[in-house]
Each structure stands twice: as structure tokens, then as C-alpha cells.
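Here's the structure, in C-alpha cells; my notes come after.
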Amino acid sequence: MYILICDDEPAFGEKLQNAAAAFFAAKNIPVQFTLCTSAEQVLHSSEAAAARIAFLDVQLGNSNGIELGRRLKQQNPSLMLIYVSAYLEFAPEGYTVKAFRYLLKPDIERTLPPCLEDVCSELLQKQKVLSVTVNRHPHQIPYDSIFFLESDGRQIHVWGEDLETPLCTYYSKLSELPAELFESGFLRVGRSTVAHMRYIQKITGYKVILCNGARLSASRASYSAMRKTYLEWSVWK
């Protein structure tokens, strides 16, 4: 799971990252952080687009964290926005962009853990999973942890952020994947791969490049249609 932190005070951003990393590590939830110090840096970051949670400072130098949050929510309506500020007066404005929470910097050590507990509960309620059987045992893999699926003969390898070891391997075909998967942002790339569009960094030269470094070969026959689908999804996601 990707988490974005944007604060123009680097020391506070690192403090917030360390505290959040410790919280998720204790729950065995893998997370990856993108730490930025300006709105411009966020908007030019490919990793930021894949974030599920964003901690934003309200005042970002010459930029406005509320406006940044509004732009991020337009790109990704499911993004959970958490504002942090030294001043309570900005709280009402934060909720105009449907912020999940508003935290005060001086009280962050006390308020962050319960906030993250609520984040986990909210994500679990909304979480969609791929249900598969591995060695006769049922497994549920959250869609958001899947970067791509790869067909290998009669088996499907489910790949996450780590390209060394798949999340799991099970017997099936790509043609048997549930329709809900494709309705939730997955895209057929070629004959043997299906990618989560949330993690696509770019499509170029008949290659689909993901945030984790994976380079998937695209079908030449369906390249234009696939690219069009991705661009449309990028606009409306």
C-alpha cells in the first residue's frame, strides 16, 4: 500500500513517516512511502498517483494543501486524505474536500495511532479481494496489493510490489478471472498478463511499465485499444 506524505517541514514529514511505518509494521501490513515537501513535487510524482492514503500539510509554503487535496481527489476519489496542521482554524476548510481526519501537529503522537486504526477499519470495509484456492486452501488477495497477474500454462502467478516472489500461484486461466476485477481498474495487457491500472507508470513502445519496475509486453493487435482504455481510466478514476 502506498502512502503519500507532503509537508514543507522535512523533519516533521520524516517523523510522521517513521511513526506510520512502525504502526503498519506491527500489523504486518506492507507499505511504501512517498515523502514530498511541496505540491509541485507531489503532482510530478508517479508514485503519488498510486497512494491510498495522503497526509497533507495545510500550508505548503506558497501552495495550499486544501487545493492540492482537491486535485488529488479528482484524480483518485477513493484516496483517504488526512490533513495535518499546527492550527485548528483550518479544520473546517479541510472537510470541504471530504478529508478523513484533521490532526494537529503538536498532538500528533497521541492522535496518529487511533487515526490509523480507523484508517485500517475503513480500508477493510471497502476492500475488494480476489478469492483463489492454493493447495486446497482458500486465499483472499486484496486487489490493491496486486500489481499484475501472469498466465503460465495452466497457472496464474499473482505479483505484488516484490518482483522476486509472487504473492501466490494458483491453477486457473486469465479468461476465468472475475468480471469485477476488470470493473475495478484491471486491464488486459497481452495474451498472458493483466495489470492493475493504478500501478501503471507509463505505456510506451508496446511496453506497459509499472511502479515496481515490471515491464509487460503489450499485444500489438490490441495496443491502441488498451492505451485508449488506460487514458480514459486515468481521466475518470
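The values are calculated or read from the model by the stated rules, or taken from the named source; none is laboratory data. Since the model is a prediction, treat every value here as computed from it, not as a measurement. Neighbour counts are summed over all protein chains in view; Cβ atoms, including those assigned to glycine, are modelled from backbone coordinates with ideal geometry.
So, Ala54, is that one surrounded by 15 or more Cβ atoms within 10 Å (Cβ to Cβ), touching a strand residue (DSSP E or B) at 6+ places or on another chain (Cβ under 8 Å) and at pLDDT below 85 or not?
no
Suppose we filter region 51-64 for residues that are over 19 Å from the mean Cα position of the chain (by Cα) and outside any loop (DSSP other than H, G, I, E, B); how many remain?
Qualifying residue count, region 51-64: 5.
Can you go through Gln75, Gln41, Gln59 and tell me which one is modelled with pLDDT under 90, among the polar types (S, T, N, Q) and within 25 Å of Ile200 (Cβ to Cβ)?
Gln75
What do you reckon, is Asn28 modelled with pLDDT under 80, under 24 Å from Lys128 (Cβ atoms) and surrounded by fewer than 21 Cβ atoms within 10 Å (Cβ to Cβ)?
yes
Going by the structure shown, is Val208 of a type in the set (Val, Ile, Thr), closer than 24 Å to Glu47 by Cβ and touching a residue at least 24 places away in the same chain (Cβ under 8 Å)? Even if it seems obvious, please write down each step before you answer.
Values: of a type in the set (Val, Ile, Thr): yes; closer than 24 Å to Glu47 by Cβ: yes; touching a residue at least 24 places away in the same chain (Cβ under 8 Å): no.
So Val208 fails the test.
If you check Ala48, Ala22, which single one turns out to be surrounded by fewer than 20 Cβ atoms within 10 Å (Cβ to Cβ) and not aromatic (Phe, Trp, Tyr)?
Details: Ala48 fails: surrounded by fewer than 20 Cβ atoms within 10 Å (Cβ to Cβ).
Within the list Ala48, Ala22, the selection yields Ala22.
In this structure, is Leu181 among the aliphatic types (A, V, I, L, M) and assigned to a helix (DSSP H, G or I)?
yes
Restricting to region 161-182, and then to whatever is of a type in the set (S, T, N, Q) and under 11 Å from Val132 (Cα atoms), can you tell me which residue is surrounded by the most Cβ atoms within 10 Å (Cβ to Cβ)?
This residue is Thr169.
Select from region 84-117 the residues that are charged (D, E, K, R) and surrounded by 14 or more Cβ atoms within 10 Å (Cβ to Cβ) and write down the one among them that is modelled with the lowest pLDDT.
Glu93
Among Cys36, Cys6, which is the only one that is at pLDDT 85 or above and over 19 Å from Leu104 (Cβ atoms)?
Sole residue among the options that is at pLDDT 85 or above and over 19 Å from Leu104 (Cβ atoms): Cys36.
So that you can scan it fast, the table gives a plain yes or no per residue for (1) assigned to a helix (DSSP H, G or I); (2) more than 24 Å from Leu72 (Cα to Cα); (3) in contact with a Pro (Cβ under 7 Å, 6 or more places away or on another chain):
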residue: Leu187; (1), (2), (3): no, no, no
residue: Ala195; (1), (2), (3): no, no, no
residue: Arg198; (1), (2), (3): yes, no, no
residue: Gln201; (1), (2), (3): no, no, no
residue: Gly213; (1), (2), (3): no, no, no
residue: Arg220; (1), (2), (3): no, yes, no
residue: Ser224; (1), (2), (3): yes, yes, no
residue: Thr229; (1), (2), (3): yes, no, no
residue: Ser234; (1), (2), (3): yes, no, no
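Condition check ((1) within 19 Å of the chain's Cα centre (by Cα); (2) outside any strand (DSSP E or B); (3) closer than 25 Å to Trp233 by Cα; (4) not assigned by TED's automatic domain parsing to the domain that holds Arg110) across all residues:
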{"residue": "Asp8", "(1), (2), (3), (4)": "no, yes, no, no"}
{"residue": "Ala11", "(1), (2), (3), (4)": "no, yes, no, no"}
{"residue": "Phe23", "(1), (2), (3), (4)": "yes, yes, no, no"}
{"residue": "Pro30", "(1), (2), (3), (4)": "yes, yes, no, no"}
{"residue": "Gln41", "(1), (2), (3), (4)": "yes, yes, yes, no"}
{"residue": "Ala49", "(1), (2), (3), (4)": "yes, yes, yes, no"}
{"residue": "Ile66", "(1), (2), (3), (4)": "no, yes, yes, no"}
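In contact (Cβ under 8 Å) with a residue 12 or more places away in the chain, polar (S, T, N, Q) and in a loop (DSSP other than H, G, I, E, B) - does that describe any residue in region 149-169?
Looking through region 149-169, none of the residues is in contact (Cβ under 8 Å) with a residue 12 or more places away in the chain, polar (S, T, N, Q) and in a loop (DSSP other than H, G, I, E, B).
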